[in-house]
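Below you'll find the structure, written out as structure tokens, and then a few comments.
The values are calculated or read from the model by the stated rules, or taken from the named source; none is laboratory data. Because the structure is predicted, anything quoted here is derived from the model rather than measured. Backbone-built Cβ (ideal geometry, glycine too); neighbour counts: all protein chains shown.
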Amino acid sequence: MRMPKLSCHKATGQARVRLNGRDFYCGTFGSAQADLRYLELLRQYRAGELPAAPPAKSAKIPAGESTTPDLTKGSPRTVELLAARYVTDHARVHYRHPDGRPTTEQEGLKRALAWLTRCPEGKLPPDQFGPRALKSIRAAMVESGRLSRKTVNQHIGRIRRMFRWAASEELVKVEVFSALATVQGLQRGRTVAPDHPPRTPVAWEDVEKTLPYLPAPMRALVLVQWHCGARGGELLIMRPCDIDRTSEIWEYNPPTHKGAWRGKGRLILLGREAQAILLPLLAVKAPTEHVFSPRDSRERSGVGDVYDNNAYSKWVRQAAKQAGAKHWSPHMLRHAYGTRVRAVAGIEQARVLLGHASCVTSEIYARADVESVRGIVQQLG
């Protein structure tokens, strides 16, 4: 009989195994204690000593034999468990698109909160987690040598936000969050954490070299992004029903976008070059089908009928390497478009076409701004 394997519960860092329809937590994943507990559970499982039904809520559950940790009542005992509750009760609901898809912030949170399971400070009671504990975790991030200064600051900010949420839920004292808020971010040039060089526009020569090594849907996607400057995520969810083709310059309204949660709109203008690439794709798509889909390629590397940002970036990096082109990413196409617009018309027009409105109030003037840059789109193609 095949025995269930021990896995790591990412939210808490606990070793977990599922037997008889129940989850058993054995201790910190990778520890000797967890391995011994796992072997004992397998012995009981083979002997038929494990009950099939979960214990009643009122039952006293021995350490190491509980089902998923009880995070529904009272304050969690450790910062690790607080992180698990933050993910289940808040992050999974808050950080998602209107259509239910998780935003990229969920992945960022997982990576940040994983440090609470790697560092001993994660075992502290939440009310004892102060600025020195947060700085200790930050030091571990820096010492790992794998994270840039910006990423370290983002991860620390995510941990602070977790405590802000916990204070609002009365799981920790407000003073705990207030104390953590005093920890300033790492400053450029005053830390050993590296800074990535500024992202630069990709040269057309490198794009042209890369195109033959991409699947057909990806080639079309790269070219459309080159000619309109949209974010990759905005184009990946493009459907024919979202494009207004009644005027000479097409208007694309993404069903969701980066600023949607702030109540901002997003309008992407598509000139003749982008239109020429899209026309044959739109001709064979139903109104609600995704224009760029892995189903249209022999290389099936997407989730369902749509690529995600990670798959897009991975394909581009691999194709550029195969082609002998300089390393580049899809977002550099957006930088290239912004650079071309700025050279032709100035920084304000580039701001409008790239969707870099500074506040919600500026949406009142968005239509006038769009009208002022139609000629630029016509000129660039």
Item to check | The listed residue being closer than 30 Å to residue 142 by Cβ and acidic (Asp, Glu), out of 206, 244, 195 | outcome: 195
Checklist outcome for this item: Of (1) surrounded by 15 or more Cβ atoms within 10 Å (Cβ to Cβ); (2) more than 24 Å from the chain's Cα centre (by Cα); (3) at pLDDT 85 or above, residue 296 fails just (3)
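May I ask you to say which residue of 216, 230 is among the aliphatic types (A, V, I, L, M), closer than 30 Å to residue 255 by Cα and in contact with a strand residue (DSSP E or B) (Cβ under 6 Å, 6 or more places away or on another chain)?
On the way: 216 fails: in contact with a strand residue (DSSP E or B) (Cβ under 6 Å, 6 or more places away or on another chain).
Answer to the selection: 230.
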Checklist outcome for this item: By residue number, the members of the stretch 220-241 that are closer than 22 Å to residue 101 by Cβ, under 21 Å from the mean Cα position of the chain (by Cα) and touching a residue at least 40 places away in the same chain (Cβ under 8 Å) are 221, 225, 230, 231, 232, 233, 235, 236, 237, 238
Item to check | Filter result (basic (Lys, Arg) and at pLDDT below 75) within the stretch 7-32 | outcome: 10
Checklist entry - If we scan the stretch 187-204, do we find a residue that is more than 18 Å from residue 291 (Cβ to Cβ), modelled with pLDDT of 90 or more and not in a loop (DSSP other than H, G, I, E, B)? => result yes
Checklist entry - When you look at residue 357, is it surrounded by 19 or more Cβ atoms within 10 Å (Cβ to Cβ) and modelled with pLDDT under 75, yes or no? => result yes
Next on the checklist: Among the residues that make up the stretch 136-150, is at least one of them within 15 Å of residue 83 (Cβ to Cβ) and surrounded by 14 or more Cβ atoms within 10 Å (Cβ to Cβ)?
Outcome noted: yes
Next on the checklist: So if I check each of 217, 201, which one is more than 22 Å from the chain's Cα centre (by Cα) and under 30 Å from residue 285 (Cα atoms)?
Outcome noted: 217
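Collect the residues in the stretch 155-185 that are in a loop (DSSP other than H, G, I, E, B) and over 17 Å from residue 122 (Cβ atoms), keeping them in residue-number order. Walk me through how you get there before you give the answer.
We begin by selecting, within the stretch 155-185, every residue in a loop (DSSP other than H, G, I, E, B); these are 169-173, 181-185.
Passing the criteria: 169, 170, 173, 181, 182, 184, 185.
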